[in-house]
Amino acid sequence: MWSEPAARRRFLRFLAASPLLSGLGGPLELLGQDADDVIASPELALDVMAFEAAARKALPPAHFGYLETGVDDDATLRANREGFARIRLRVRRLVDVGQVDMSVSLFGTAWETPIVLAPVGSQRAFHPEGEIAVARAAGARKHLMMLSTVGTSSVEDVTTARGGPIWYQLYPTDQWPVARALVARAEAAGCPVLALTVDLQGGTNRLTGARAIQRDPRNCAACHGDSLGSISSYLARKPMFAGLDVSKATDTQPFEMNWEYVKRLRELWPRKLLIKGIVTREDAQLAAQSGVDGLVVSNHGGRAEESGRATIESLVEVVDAVKGRLPVLVDGGFRRGTDVFKALALGASAVCIGRPYVWGLAAFGQAGVESVLGILRRELLTVMRQAGTRRIAEIDGSYVVKDGALG
């Protein structure tokens with residue numbers, strides 16, 4: 001026997017496919033308050049956005065605000081989503097899509113899907129198991145995972161929970177001995193790839209997050225101590241900095257970091273090195289000349305600079321600049337399988353998601369993360385079949401057209 005909420009959602013699913021509603025707006029709009037229902041279990045989610053409301057309900061205001069914030073007026077945050085709407089799909093017909101292969105290869109390792117879990121810090125602020133639950137979900141669903149330097153679990157514990165190697169995202173701090181120790185620890189843990197984040201060098205102005213703290217009635221100092229105002233205290237609470245002297249650290253990235261710094265890191269790290277945060281042709285060309293092995297087009301999910309520019313737009317010029325010499329990953333605003341398809345068509349080697357899987361984590365732990373990944377994979381499979389593409393390698397620029405252009 002269906003529960004009332006489950007029955008209502010099945011009815012909405014039926015209405016969504018009904019020709020009777022064509023041209024009348026979405027069924028959720030027509031049915032009013034049902035659109036505001038919060039899912040009670042992950043299997044009730046129709047898309048990944050359903051987990052956002054569930055996360056909002058589960059989290060205290062400051063923690064949800066930290067997750068959702070952009071910078072300044074959140075223009076770049078919004079742009080990341082709006083950019084996908086300016087790209088249309090050109091779909092082919094009468095292609096046998098009975099068998100579809102969604103696998104990709106990154107640095108010689110095969111993955112079942114091009115959907116990667118991006119590094120997100122402080123995950124125990126969203127669920128008691130934090131990165132461990134995410135790693136288990138990634139392992140169960142066979143997804144690549146990147147771990148943040150400022151995560152709330154160690155690289156060793158996350159690797160064990162994942163059941164295999166993970167990629168490590170590096171905040172080097174402004175203290176080279178600390179950076180060197182972090183790199184050595186990632187190497188010892190078996191991480192095959194190091195991703196240097198470079199988009200927070202100028203600092204950020206995350207006003208939405210700051211407003212959320214003001215609205216939170218709890219005493220944040222009870223959990224955070226003085227780490228809210230001190231970088232060194234903040235870092236000292238993170239497992240990856242255990243045993244390190246961070247008393248002199250004043251930022252997660254040196255203001256002086258430049259291409260010479262990248263060269264220095266390249267000499268230190270013996271495995272694959274990515275730069276995360278490249279968004280322009282010029283920097284992509286310099287990166288290709290610097291000896292790095294790949295790029296992540298990223299504006300930190302709209303949390304870095306207030307450029308107002310979507311990463312899906314930046315992706316085009318970065319891919320063009322490297323001319324196939326380096327794999328290019330991308331993150332920022334991905335919520336649908338069609339979003340993933342568009343990025344792949346524009347030359348991305350893989351796509352990284354952040355907020356959606358953390359929404360799932362916050363609401364339902366490991367099960368929520370797995371559900372988010374399952375929904376995105378299902379949607380990507382659907383659009384690949386709709387477009388007539390049987391392998392990721394078949395998805396190219398012929399399948400997309402930008403607004404203002406003729407298909």
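List, in order, the whole-Hz ³J(HN,Hα) value for each residue of segment 190-204 obtained from phi through the Karplus relation with A = 6.51, B = -1.76, C = 1.60 and θ = phi - 60°; use x for Gly and Pro.
With the stated coefficients, segment 190-204 comes to x, 5, x, 9, 10, 10, 7, 7, 10, 9, 10, 4, x, x, 9 Hz.
Report the calculated FRET efficiency for Q214 and L94 (r = Cβ-Cβ distance, R0 = 60 Å), to the nearest 0.05.
On the way: r = 58 Å, r/R0 = 0.96.
Efficiency, from the Cβ-Cβ distance: 0.55.
Among I392, I353, I166, determine the one that fluctuates most according to a GNM of the chain built with springs between C-alpha atoms less than 10 Å apart.
Between I392, I353, I166, it is I392 that shows the largest mean-square fluctuation.
Residue by residue through segment 348-358, which ³J(HN,Hα) values in whole Hz follow from phi under the Karplus form 6.51 cos²θ - 1.76 cosθ + 1.60 (θ = phi - 60°), with glycine and proline marked x?
Rounded to whole hertz, the list is 5, 7, 6, 10, 9, 10, x, 3, x, 6, 6.
Once you put a point 7 Å from the Cα of W259 and another 7 Å from the Cα of S307, both along the Cβ direction, what distance in nm separates them?
According to this spin-label approximation, the distance is 1.7 nm.
Dividing the alpha-carbon Rg of segment 301-407 by 2.2 N^0.38 Å yields what? Please list the in-between numbers first.
Numbers: Rg = 14.9 Å, N = 107, 2.2 N^0.38 = 13.0 Å.
In units of the 2.2 N^0.38 Å rule of thumb, it is 1.14.
If I stretch the segment between K323 and D396 completely, what's the gain in nm (0.36 nm per residue apart, minus their alpha carbon distance), one decimal?
On the way: separation 73, 0.36 × 73 = 26.28 nm, distance 1.42 nm.
Fully extending the segment from K323 to D396 adds 24.9 nm.
Residue by residue through segment 252-263, what is 3J(HN,Hα) from phi via Karplus (6.51 cos²θ - 1.76 cosθ + 1.60, θ = phi - 60°)? Round to whole Hz and write x for glycine and proline.
So the Karplus estimates, Gly and Pro as x, are 6, 9, x, 4, 7, 4, 9, 5, 5, 5, 4, 4 Hz.
At a threshold of 8 angstrom on Cα-Cα distance, excluding pairs fewer than six apart, so keeping six or more, what relative contact order does segment 221-306 reach in percent?
Details: 66 pairs, mean separation 17.2, N = 86.
With pairs under 8 Å counted, the relative contact order is 20 percent.
With each label point set 7 Å from Cα along the Cα-Cβ vector, what nm distance links K142 and S41?
2.7
Between L268 and F107, what is the FRET efficiency for a Förster distance of 22 Å, r being their Cβ-Cβ separation, to the nearest 0.05?
Values: r = 18 Å, r/R0 = 0.84.
So, using R0 = 22 Å, E works out to roughly 0.75.
Separation between the T160 and T382 pseudo-spin-labels, each 7 Å from Cα along Cα→Cβ, expressed in nm?
About 4.0 nm, to one decimal.
List the residues, sorted by chain then number, that are 5 or more residues from I278 or on another chain and whose placed amide H is less than 5 Å from its amide H.
It is V296, S298, by chain and number.
Just tell me which lysines come within less than 25 Å, Cα to Cα, of K263; anything on the same chain fewer than 8 places away is out.
Partners within reach: K248, K272, K276, K323.
Taking the Cα centroid of segment 138-187 and of segment 350-397, what is the distance between the two, rounded to the nearest whole Å?
Computed from Cα coordinates, the inter-centre distance equals 23 Å.
Enumerate by residue number the trypsin sites (Lys or Arg not before Pro) in segment 88-186 meeting two conditions: DSSP loop (anything except H, G, I, E, B), and at most 16 other Cβ atoms within 10 Å of the site's Cβ.
Details: sites: R88, R90, R92, R93, R124, R136, R141, K142, R162, R180, R185; in loops: R90, R92, R93, K142.
The qualifying sites are R90, R92, R93, K142.
Taking amide H positions as placed in the peptide plane 1.01 Å from N, state which residues far from N205 in sequence (5 or more) or on other chains have amide H under 5 Å from it.
D72
Taking the structure as given and computing percent of Cα pairs over 40 Å apart, which label from (1) 37; (2) 19; (3) 14 fits?
The calculated read-out lines up with (3).
Go through 346-352, 315-321 and give me the packing order, highest mean Cβ count within 10 Å leading.
Details: 346-352: 24.1, 315-321: 19.7.
Sorting 346-352, 315-321 by mean packing, highest first, produces 346-352, 315-321.
Would you kindly work out the equivalent ellipsoid of segment 224-304 from its C-alpha gyration tensor and give its semi-axes, the square roots of five times the eigenvalues, largest first in whole Å? List each step's numbers first, then the result.
Details: eigenvalues 156, 52, 25 Å².
They are 28, 16, 11 Å, listed from largest to smallest.
Looking at the chain, send over the antiparallel percent of its DSSP beta bridges, to the nearest 5.
Details: 6 of 31 bridges.
Within the chain, antiparallel bridges account for around 20 percent of the total.
Here, each number is a calculation from the coordinates, and none is a lab measurement. Model, not experiment: these values are computed from the prediction. Cβ: placed from backbone, ideal geometry, glycine included. Neighbour counts: every protein chain shown.
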